[in-house]
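Here's the structure, in C-alpha cells; my notes come after.
Quick note: the coordinates plus some simple rules give every number you see, no bench work behind them. Computed from a prediction, not measured in an experiment: that's the story for all the values here. Cβ sites come from the backbone with ideal geometry, for glycine too, and all protein chains shown count toward neighbours.
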Amino acid sequence: MSEEWEKYRNKIIGLGEGSSRKSYYPELQNKIEELETSRENLLTIVNSISDALFIHDQEGKILLLNKKAQDLYQIQEDEFDRISIYDLILDPTDQNKICLIWDKVIKGKSYVFELTSVNAKDKDEIPVQVSINQSIWNGKKVLVAVVRDFKERKKYEEELIAAKKKAEENDRLKSAFLANISHEIRTPMNGILGFAELLKLPDLTGEQMLNYVRIIETCGARMLNIINDLMDISKVESGLVTVSLKAVDVTEQLNYLFELFKPDAEKKGLKLIKVEPTSGSSIIIYTDKEKLIAILTNLLKNAIKFCPHGTIRFGYTTQKQQIVFFVEDTGIGISKEKISTIFERFIRGDHEMSAKYEGAGLGLSIVKAYIDMLSGKIWVDSEIGIGSKFYFTLPLSPDQSICKK
Amino acid sequence: MRNGTGEIQLELRKFVAPEYIFGLSARLLAGNFCRQLGGKKVLLVTDSGIIKTSWLKEVENSLIQSDIDYVIFSSISPNPRDYEVMEGVKCYRENKCNIILALGGGSVLDAAKGIGIVSTNHLPISTFEGVDKIERPMPPLICIPTTGGTAADVSQFAIINNYSERYKMAIISKSVVPDVALIDPETLTSMDSFLTACTGIDALSHAFEAYVSNASSAVTDLYALEAIRLIHFNLLESYHHPLDIQLRGKIMLSSLYAGLAFSNASLGCVHSMAHSLGGYLDLPHGECNAILLPHVVDFNYNSASDRYNIIAQTLNISISGLNESQIKKRLIDHLKSFNQSLGINSNLSDKQVTISDIPVLSAKAIKDPCNATNPKPPIKRDIEVIYSEAM
C-alpha cells in the first residue's frame, strides 16, 4: 500500500489527528467563551477610561454606565435604572437640543458638543463635552455617549481669561506709568530750567541767588530719586537684582534709620518713635542688609510723606521662625478698594493723590519685590483719615531657597 | 471468526454514527428535531423529484407546527454539481439560515453536506476534496433519506460532481456525519423499480466493499454481512412488490446497516471507479456499481478470499468442496445474475463508454481516496484493466 493511501486509511478510520467527529456545538461553545471574554475585557476597558460613558435609549433610559459615570454623576450602581438622562440635564433648552441631536444620531450621524449637566444627587453643575454615537443593544438602536468632565478645563479657561485681562491691565498701567513718570520728571526739570533762567537776571541779591540754587538742588535731588527708583525697578523687572545674605543686627539698623529720618519727621512736626521688644537684647537675622534698609527707608519715607500730623512708629516683633517689622502712621490712610493694588507696579494709592503728593509710585512695588526675594510677606492695615500700618515678615534663619536667588 | 473460533480484531478502530431514528413516520419528527438543535431558519434541501411527492408537504407541515421558519432549495441534479452547492450556500446565507434539513436521495443529502461545509468554511467546495480536510464543523444537519441505498444520512462521505473537470469528488470527513437521521421506510414507496434496483445494488456494494475493506472492524463486519443478507433476500421481492412496506423496511434497514459499515470501514475500487464514471458520463451511481462490482470482485478475490468466501456463504452459494477460483467464479456469476434479475443487464459499452475513455476514467479513478481501503491496492493499470473488462 502506498504511504499516501495508508495515511488516508488511518484518517478514514478516524485515528488521525483532528479526525474526530466535529459538531456545531463545541464551536458554538468556543464562540460563547470568546464573547464572554470579549465582554469581560470590554467592561474592564469601559470602566478604566477617564471619561464617563452612558449607553441609553432614545427616551433617555440608561442601559449601562461606567464607573466614572457613577462617580461623576453620583449615581449608585443599583439606582441607575430609575434615573433618566433628562435628570442630568436641567435646562429645558438643553433638553430640547439634545432630543434633536439624538434623532440625528439614531439615523447614523455622530455628534460632539458641550453642555452643562448636573449630578443626580445635589444637582451641582458639571460642564461637560459629549461625544455621541449610535449602537445596538438587544437588537434596538441606542446611543453611546462619552462624557468628558470639563470642570478643570473651564477653570483653566477662566484663569487664562483672567491672566489675559491682567496682562492687558498691566499694559495699560505701563502706558499710564510712562505718562506719570514723564510728568514727574518734567516737573523738577521745569524747576531746574526755570530757576537757572532766573539766575541769569541781573541785580539778584546774594540771598536770592542762594535760594534759587537751593531750589535747583532740591529739584535735582528729586529727579535723582526718581531715576534711582526707575533703575531699581527695571533691575527687578529684568531679574538683575541679586540677594546677598549676611548676619544683620536689627537693632543697629533701626537705630541708624531712626537717626536718619528723625530730622525729616521733626521738620514736618511729626513724632518718630522706634519700638523694640521689651527683652531689649539685640537680634541677629540672616538677610540682605541693603535691601532691608531700602525696604524700611521706603516705608518710612512714605509714612512721613502721607502723614500731615501725628506720630510715626516703627519697629519689630518676633514670632516662631520669623521677624515681623511694622511702620505705622496717623496719616491719610488708604481706601479699601486700593489696598489690594498698592503693591503692584506703577500704581499709586490714589490717582487724585498724584496732584497733591509728588512721586512716581514705584516705592511700594520695589519694597514688595525685595520682600518676595527675601522670602517674606507684606500687608497693610489702613483706614481713611486714621492712618496706615504696614507689616512685613522676614525669616529668622537662613533659608536655602533665598540663597539660590 | 463467525463460528467463534477465530481470533477477533484488536487493532484500534472507531465507530461513528449519528443519532438516528428508524421507523415509519420518522420523517414527521423533522420539526421537532430542528427545534431541538436550535434551528431558527431552516434551509430545506430537496430536489424536483421529491417536490412531486407528498413527503415535502408533510415535512413542511412538521416545521410549521414547530413554528420554525424555512426556505426551500431544490435546484439539485442527480450527481449533484459543485456550482449547485455554491447556489445552495448563497440561498443559506441570503436567508440567514442556521440549520439544514435534507429530504431526498443521495444527491440531495450530499449536496446538503456540501452546502453545510461551505457555509461555515467560506471556501470553494473543491477545497475539501479528500480525507479530513474540513476545519470548521458545519451547521446542524438533519437528513431524511428517500432512497434505500445511499446511506449518506449516516455516513462520513459526501460525493460532489466537479462539473468542469467531469469527475466526482469524494469528501470524507467525520465533519459531514449528520446530527440526526430520520430513516423512514415509507419514503421508499416513491421510488420507481429502476431506482429501487440501482439504490439496492448501491447498498449491496457498500456492504461488500466495507466487509472486504482493510479498515473493517468487528463492528462494521456485523453490519456489512447483515446488510448483504437482507438485500440478497429482499431486494428482488421489494422490486416486484413496491408497496409492501415490510419489504421496503427491510431494504431501508439494510441500507442503514450498509451505511454504518461503509461509513466506518470505507469502500474500495468499485466506488473509486464508479465516482470517475458517474462524473464523466453522468450515469446513475447504483447502475455503475452494479456493472463494476463483479469485475472488482474478480480483481480483489485473491487478496481477501476468506472474506469473499464468507460473503459467498451469506449469499447462500454452496462452496463446499470447491477451490478458490471455483468459488470466485460462482460468486461473480451470482452477482451478475442478481443484476440481471433486477433488470440491469448492461455493460459499460452499452452506456456509451468507449475504449478511448478508459485512460481518462482511470486517471481520475486512481486518485479517489476509496482506493485506500481496497483489499488490494490498485495501480492505474489495474483500474484500466477492470474498466476494459467491464466494457
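Using the Karplus relation 6.51 cos²θ - 1.76 cosθ + 1.60 with θ = phi - 60°, the per-residue 3J(HN,Hα) values for the stretch B:213-218 come to 4, 6, 10, 5, 9, 4 Hz, with x marking Gly and Pro.
Taking amide H as placed 1.01 Å from N in the peptide plane, A:Ile342 has no amide H partner under 5 Å among residues 5 or more places away or on another chain.
How many Cβ atoms of partner chains, on average, are near each residue of B:364-376 if near means within 10 Å of its Cβ? Provide the component values of the computation, followed by the final result.
Values: counts 0, 0, 0, 1, 1, 7, 2, 6, 11, 6, 3, 0, 1.
If you average over the peptide's residues, the count of other-chain Cβ atoms is 3.
All other residues whose Cβ lies under 9 angstrom from that of A:Ser50 are scored, Lys and Arg at +1 and Asp and Glu at -1, for a net of 0. The mean count of C-beta atoms from other chains within 10 Å of the C-beta of residues in B:15-23, rounded to a whole number, is 1.
With only alpha-carbon pairs counted, each pair once and no self-pairs, how large is the Kirkwood hydrodynamic radius of the stretch B:191-389 in angstroms? Across the stretch B:191-389, the inverse of the average 1/r is 16.6 Å.
How big is the charge dipole of the protein assembly as shown about its Cα centre, in debye rounded to the nearest 20, if each Lys and Arg gets +1 on its Cβ and each Asp and Glu gets -1 on its Cβ? The partial results should precede the final answer.
Working: 89 positive and 100 negative charges, 284 e Å.
The dipole of the protein assembly as shown has a size of about 1360 debye.
Straight-line cross-link partners of B:Lys90 among the lysines, defined as a Cα under 19 Å from its Cα and at least 8 positions apart when in the same chain: B:Lys40, B:Lys41, B:Lys113. In terms of other Cβ atoms within 10 Å, A:Ser244, B:Ser119 run from fewest to most in the order A:Ser244, B:Ser119. Values of log10 I(q)/I(0) for chain A across q = 0.06, 0.08 Å⁻¹ run -0.54, -0.72, by the Debye formula with one identical scatterer at each alpha carbon and no solvent. Residue by residue, the stretch A:90-95 carries 3J(HN,Hα) couplings of 8, 5, x, 5, 5, 4 Hz when phi is fed to the Karplus relation 6.51 cos²θ - 1.76 cosθ + 1.60 (θ = phi - 60°); x denotes Gly or Pro.
Nearest 10 degrees, 0 to 90: what angle lies between the long axis of helix A:151-199 and the longest principal axis of chain A (Cα atoms)? Helix A:151-199 sits roughly 20 degrees off the main axis of chain A.
How big, in percent, is the set of alpha carbon pairs in chain B lying more than 36 Å apart?
Numbers: 13926 of 76245 pairs.
The share of Cα pairs beyond 36 Å in chain B comes to 18 percent.
Both numbers refer to the Cα atoms of the protein assembly as shown; Rg and Dmax are 54.7, 180 Å.
In terms of other Cβ atoms within 10 Å, B:Arg93, A:Arg39 run from fewest to most in the order A:Arg39, B:Arg93. In the structure displayed, which of A:Lys289/A:Lys336; B:Lys57/B:Lys168; B:Lys14/B:Lys329; A:Lys262/A:Lys389 lie more than 23 Å apart, Cα to Cα? The answer is A:Lys289/A:Lys336; B:Lys57/B:Lys168; B:Lys14/B:Lys329. Reachable lysines from B:Lys336, Cα under 18 Å, same-chain residues fewer than 8 places away excluded? Qualifying lysines at Cα under 18 Å: B:Lys328, B:Lys351. Peptide B:174-182 is shielded by partner chain Cβ atoms: per residue, an average of 3 of them sit within 10 Å of its Cβ. A Cα-only calculation for the stretch A:50-149 places Rg and Dmax at 12.3, 35 Å.
Over chain A, what is the relative contact order in percent, taking alpha-carbon pairs closer than 8 angstrom and at least six residues apart? Provide the component values of the computation, followed by the final result.
On the way: 560 pairs, mean separation 41.0, N = 405.
Dividing the mean separation by the residue count of chain A yields 10 percent.
Seen against the Cα atoms of chain A and their longest principal axis, helix A:289-305 is set at about 70 degrees. Normalised by 2.2 N^0.38 Å, where N is the number of residues, the C-alpha radius of gyration of the stretch B:1-94 stands at 1.55.
Converting the Cα gyration tensor eigenvalues of the stretch B:19-188 into ellipsoid dimensions via √(5λ) gives semi-axes, longest first, of 23, 17, 15 Å. Relative to the Cα centre, the charge distribution of chain A, modelled as +1 at Lys and Arg Cβ and -1 at Asp and Glu Cβ, gives a dipole magnitude of about 480 debye. Note on A:Ser50, B:Ser193, B:Ser266, B:Ser276: ascending count of other Cβ atoms within 10 Å places them as A:Ser50, B:Ser193, B:Ser276, B:Ser266, the fewest first. Helical content alone sets the calculated 222 nm signal of chain A at -16500 deg cm²/dmol, taking -39,500 (n - 2.57) per DSSP H segment of four or more residues and averaging over every residue. Per-residue ellipticity at 222 nm from helix content only, as computed over chain B with -39500 (n - 2.57) for each DSSP H run of at least four residues, stands at -15500 deg cm²/dmol. Around the amide H of A:Cys307, modelled in the peptide plane, lies no amide H under 5 Å away from a residue 5 or more places distant or on another chain. Database remark: amide H of A:Leu272 closer than 5 angstrom to the amide H of A:Ile312 (H placed geometrically; neighbours at sequence offset of 5 or more, or on other chains; Pro and chain starts carry no H).
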